[in-house]
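Have a look at the structure below before the remarks.
The values are calculated or read from the model by the stated rules, or taken from the named source; none is laboratory data. Predicted model only: the values in this text are computed from it and were never measured. Glycine gets a Cβ as well: all are built from the backbone with ideal geometry, and neighbour counts include every protein chain shown. Just the protein is used for accessible areas: all its heavy atoms, side chains included, with ligands, DNA and RNA removed. Shrake-Rupley method; radii C 1.70, N 1.55, O 1.52, S 1.80 Å.
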Amino acid sequence: MTIRSTLPVLGVILLLSSFLALTPNTISTQPNRPPNIILILIDDMGSADVGCYRGAEPRSTGDGSQLPPTPNIDRLAAEGIKFTNYYSAAPICSPSRVGLLTGNVPGKWKITSFLAERKHNRTCEQADFLDTSAPSVARQLKTAGYATAHFGKWHMGGGRDVDNAPGIRQYGFDEYASTWESPDPDPLLTSTDWIWAKSDSVKRWNRTAYFVDKTLDFLKRNPGKPSYINLWPDDVHTPWVPDEITLSEFPKGTEKPREFKAVLADLDVQIGRLLAGLKALGVDDNTLVIFTSDNGALPTFQGIRSGMFRGSKLSLYEGGIRMPFIVRYPAKTPKGKIDNQSVVSAIDLLPTFMSLSGKKAGNPQSDGENMAAVLLGKPTVRKKPLFWEYGRNNESFRYPAGRDKSPNLAMREGNWKLLINDNSTGAELYDLTADPAEKTDVASQQPKLVNDMREKLLAWRKGLARL
C-alpha cells in the first residue's frame, strides 16, 4: 500500500516545499520561554490502536491479521510519559471536545451528543453550538502571550443546517483550517456540502498530512512567541478511505479492517513527520506534545481495539472514555516513564496549560485540576471525582450492542467507579484497580458506598444546564 500519495494541491506543495527548506534552529530559543503546546486529538481511537498500549497477546481484527505497529506514536511514549488513567469528557465527539476546550463538563454548556442538524440537537436536549461565553483554553493562553491555532476537526458548532454558529476565531484562535463540521470549513477539504468528496482538492487520505503541514508552518511563522495548536485530525473515524483505489471501489468508504489498518499506519507516519518537523524548526525540546483521543473506538472488531477494556464509543464503560494519553516535552519530562497512578481528565487541561504558561487561569474556573506537575513526571492522587453522562433518551442517542451498552451516568472517585441510570436504577460498581476490565460488579457487596456515590452523581446530573 502506498501510505501517502503526492498532495495534489499547489498550496500544499508550496507549504511542503517551505517546510523542507527549513534548517535546524530556524526558530531561536529564549531562556525560560513557556513551551509550545501541541494537543493532538485523534478521532475515535481505541486504546489498543496504539502499539505501546496493547497487551502481550496479539488478537485478530477479523481478517486473520493483527493491528499494524505504530512506531512513531510509540516513540512519543519512549521519549516521554505514558499515562494509563486518562479520561475523555464524554464517549462521543462534540461533548468530548467541549470538555477539552472549556475545562468544564460539557453538560454545563448544553452539549450532550454529537452536534448535527437542529432537529437532532433538540431531541438530544442540546444547543446547536458551543456558547462563546464558555471558557476557552485558546483564549486563556492568548492572555499569556501565546499564538493560537486550530487545524483539524472542530465539531462544536456549524455544518448541516446550523448556519449561525460562531466562527472559530471567536473562541480565541488566531488561525484555523477545519473540516465540514465547522462554521467555516476549508474549501480545499470540502468541495461539496458533506464531510468529504472525491472532488476535494486535498483528498481524504491526505488530510492528516495537510494538518501536520499547517501546524509546522504556523510554528515557523510565529517564532517570537510560544504557540498553542490544536492538531485534531479526523482520522481514525469511519468511513475509512486510505487511497484512491479504495475510493474507486468504495465511494462512501468502508468500515473494514484492511482499510482501517492502512489509515492507522498513515496516521503514524504523519506523527513521525511532525516530530521531524519540530526538530528541523529547532523547537523540539521546548514543545509539549500531547497525544490522545476524543473517545473510544467504533467498530472495535470484537473488542480488539478497546484492548482490555469493556465498551466502545457511545459507552460509559472504560472502553468508551479511558483513552491513550502520552506527554512528550524533552526539556522537562522524563523519558520512558509510565504513570499508573495519576487519574487525569480532559477537563484538567485548561488549568494545566495555564500553569505551564506561567499564568493562572482567570474566571470562570475549570471543573478540572491543575495537573502541570503530573505532566512533568510527578504522579499525584486526584482530589476531585470525575463525572460523565451519555444518553438522555432512546430517540436520538445511539448505543453499542449487548454488554457494551452502559447506564447513562458514571462517576469515578478514587479507585471506585459507579454507573447508574438517571432514574437511579441499574447501579453497577467496579474497583478499577483490581478490575479495570469491569468484569465483576460489586455493587451488592458495597451498599453504603453505592448509596453515597449515587447521591453525588445524581446531584451532579441534576445541576447540569437544561434547554
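Points worth noting:
- Considering only alpha-carbon pairs that sit under 8 angstrom and 6 or more positions apart, the relative contact order computed for the chain is 24 percent.
- Among the GluC sites (Glu not before Pro) in the range 378-467, those placed in a DSSP loop whose Cβ has at most 11 other Cβ atoms within 10 Å are GLU395.
- Computed E for ASN451/GLU395 - FRET, C-beta separation, R0 35 angstrom, nearest 0.05: 0.70
- Reduced Cα scattering model of the chain, Debye log10 I(q)/I(0), q = 0.07, 0.08, 0.11 Å⁻¹: -0.32, -0.43, -0.85
- GluC sites (Glu not before Pro) within the range 230-291, DSSP loop, no more than 15 other Cβ atoms inside 10 Å: GLU255
- Theoretical FRET efficiency, 1/(1+(r/R0)^6), r = Cβ-Cβ of SER355 and SER133, R0 22 Å, to 0.05: 0.40
- Cut-off under 5 Å, modelled amide H: who pairs with LEU316 long-range: SER406
- Taking 7 Å steps out from each Cα toward its Cβ at ASP193 and PHE250 produces label points 2.7 nm apart.
- For ASP404, the solvent-accessible surface computed with a 1.4 Å probe is close to 40 Å², ligands and nucleic acids excluded.
- Here the 3J(HN,Hα) profile of the range 228-244, calculated from phi with Karplus coefficients 6.51, -1.76 and 1.60 at θ = phi - 60°, is 10, 9, 7, 10, 10, x, 8, 7, 10, 6, 5, x, 8, 9, x, 6, 4 Hz, Gly and Pro shown as x.
- About its Cα centre, the range 284-360 has a charge dipole of approximately 60 debye under the convention of +1 per Lys or Arg Cβ and -1 per Asp or Glu Cβ, with nothing else charged.
- Sequence-distant residues sharing a close amide H with SER345 (under 5 Å, placed H): TYR87
- Rounded to whole numbers, the Karplus 3J(HN,Hα) couplings from phi for the range 441-456 are 6, 10, 4, 5, 8, 10, x, 5, 4, 4, 5, 4, 5, 4, 4, 5 Hz, using 6.51 cos²θ - 1.76 cosθ + 1.60 with θ = phi - 60°, and x at Gly and Pro.
- With 0.36 nm allotted per residue and the present C-alpha distance subtracted, the THR433-ARG221 stretch has 71.7 nm of extension available.
- Mean accessible surface per residue for the range 279-386, computed with a 1.4 Å probe while every protein chain stays in place, in Å²: 34
- Here's how it looks for VAL105: its modeled amide H is under 5 Å from those of ASP367, which are all 5 or more places away or on a different chain.
- FRET E, pair GLU117, THR440, Förster distance 45 Å, beta-carbon r, rounded to 0.05: 0.60
- If the chain linking ALA78 and GLN170 were pulled fully straight, counting 0.36 nm for each residue of separation and taking away their Cα-Cα distance, it would gain 29.4 nm.
- Within the accessible area of the range 372-413 (1.4 Å probe), percent carbon and sulfur: 52
- Accessible surface ranking that places the most exposed of MET411, MET308 first, with a 1.4 angstrom probe: MET308, MET411
- Percent RCO, i.e. relative contact order, over the range 247-327, from Cα pairs under 8 Å lying at least 6 residues apart: 23
- Pairs from LYS153/LYS313; LYS142/LYS220; LYS225/LYS359; LYS337/LYS383 whose Cα-Cα separation, in the structure shown, is over 20 Å: LYS337/LYS383
- Charged-residue dipole, Cβ positions (Lys, Arg, Asp, Glu), the range 386-467 about Cα centre, Debye nearest 20: 260
- Across the range 333-344, computed HN-Hα scalar couplings (Karplus, 6.51 cos²θ - 1.76 cosθ + 1.60, θ = phi - 60°) run 8, x, 8, x, 8, 10, 9, 9, 9, 6, 9, 10 Hz from first to last residue, x flagging Gly and Pro.
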